[in-house]
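First the structure, in the form of structure tokens, and then the observations on it.
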Amino acid sequence: MTHLRALAATLVLLVAGCAESAPVGDGGSPGAAVNYPADQLVLRVDVSGGLVPVAMTVTEVPTLSIYGDGRVVTNGPMIEIFPGPALPNVQVQEILAPSDVTKLARMALDAGVGRQADFGMPNVADAPTTHVMVRTVAGEQATDVPALGIGEDSLNNSQRAARQRIQRLVEALTDLSSTLGKGAVSESRAFPAKGVAAVAVQWAEMGGDQGIQPQSPVAWPGPALPGEAFTDRPSVHCVSATGEEGKQILAAAGKANSRTPWASAGSSWQVTFRPFLPDESTCADLAHRP
């Protein structure tokens, strides 16, 4: 018995010593690590699927991504013109207190992210799925909820309650000034991407092109289009670039619009651009979306 008590005391000390950098939650649930590397993805909210072109399952920017150094990268609003800008409006803010990053990660765990839950399935066709991920000492914990906030009247009380916990979490994460308090988050500004992926399809006239001035093809400044196909999306081709070549592509895209023809390999292409977030550097990194 004395030996068992000594062993138990040793384990308590070991857990306490690790808790400062990687606490463990109650009931065996992994807690959120405190000391995340700067570019490590800590939290993500991503709404995908539904009736969207297959290329958007790769190129759409997640709703919210929070990194270890407090950067919060979001998909900002786009101006309603046709043709629109070639580049998406990616925005970044900073969470000023590192402890607040851990606080948000713990909120996600408390809301049930990563746990088994019965969310039911509303009778809604082709609805998007909300994906929430939080990083813990045990790795990524994720929850997917189809049709979140849509057509839930047909579900039972337990299913609605599980969905509401995730819904409240998403609302809290996407309104950080209210969640963390005034002054806890910096003002939003344009995100300075360090690289970009480009998804290309053969350029062709569209009905919406009527009434706009024809555009001359622009010489493509990157790797030859259309690039390699995604293994699970064989109709979607992608090339990517970082460093100086990535900067050149981003600079050229910044002067273009969504219907600019790009000349490469003897053909004209329509390109959808996806700036890389801090945890991304290749086209393959974009295949993580559910």
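Checking each residue in the stretch 88-111 for being small (Gly, Ala, Ser) and surrounded by fewer than 19 Cβ atoms within 10 Å (Cβ to Cβ) picks out Ala97, Ser99. Can you find a residue in the stretch 71-81 that is β-branched (Val, Ile, Thr), within 19 Å of Ala256 (Cβ to Cβ) and either in contact with a His (Cβ under 6 Å, 6 or more places away or on another chain) or not in a helix (DSSP H, G or I) (or both)? Yes, some residue in the stretch 71-81 is β-branched (Val, Ile, Thr), within 19 Å of Ala256 (Cβ to Cβ) and either in contact with a His (Cβ under 6 Å, 6 or more places away or on another chain) or not in a helix (DSSP H, G or I) (or both). Pairs linking a residue in the stretch 199-227 that is under 23 Å from Ala251 (Cβ atoms) and small (Gly, Ala, Ser) to a residue that is at pLDDT 90 or above and in a loop (DSSP other than H, G, I, E, B), with Cβ atoms under 8 Å and 6 or more positions apart or on different chains, are Ala200/Leu225; Ala200/Pro226; Ala200/Gly227; Ser216/Pro261; Ala224/Ala265. In the stretch 160-168 there is at least one residue matching the filter, namely being farther than 19 Å from Val45 by Cβ, assigned to a helix (DSSP H, G or I), assigned by TED's automatic domain parsing to the domain that holds Phe82 and aliphatic (A, V, I, L, M).
The number of residues in the stretch 45-87 that are among the charged types (D, E, K, R) and loosely packed, with under 14 Cβ neighbours inside 10 Å comes to 1. Residues in the stretch 196-251 that are at positive phi and surrounded by 17 or more Cβ atoms within 10 Å (Cβ to Cβ): Gly227 only.
Would you call Ala219 modelled with pLDDT of 95 or more, under 28 Å from the mean Cα position of the chain (by Cα) and not β-branched (Val, Ile, Thr)? The answer is no for Ala219.
Residues in the stretch 120-139 that are closer than 18 Å to Glu171 by Cβ and buried (at least 20 other Cβ atoms within 10 Å of the Cβ): Thr130, His131, Val132, Met133, Val134. Quick one: is Ala256 within 29 Å of Arg71 (Cβ to Cβ) and either of a type in the set (Lys, Arg) or surrounded by 16 or more Cβ atoms within 10 Å (Cβ to Cβ) (or both)? In short, yes.
The values are calculated or read from the model by the stated rules, or taken from the named source; none is laboratory data. Because the structure is predicted, anything quoted here is derived from the model rather than measured. Cβ atoms come from the backbone with ideal geometry, glycine included; neighbour counts cover every protein chain shown.
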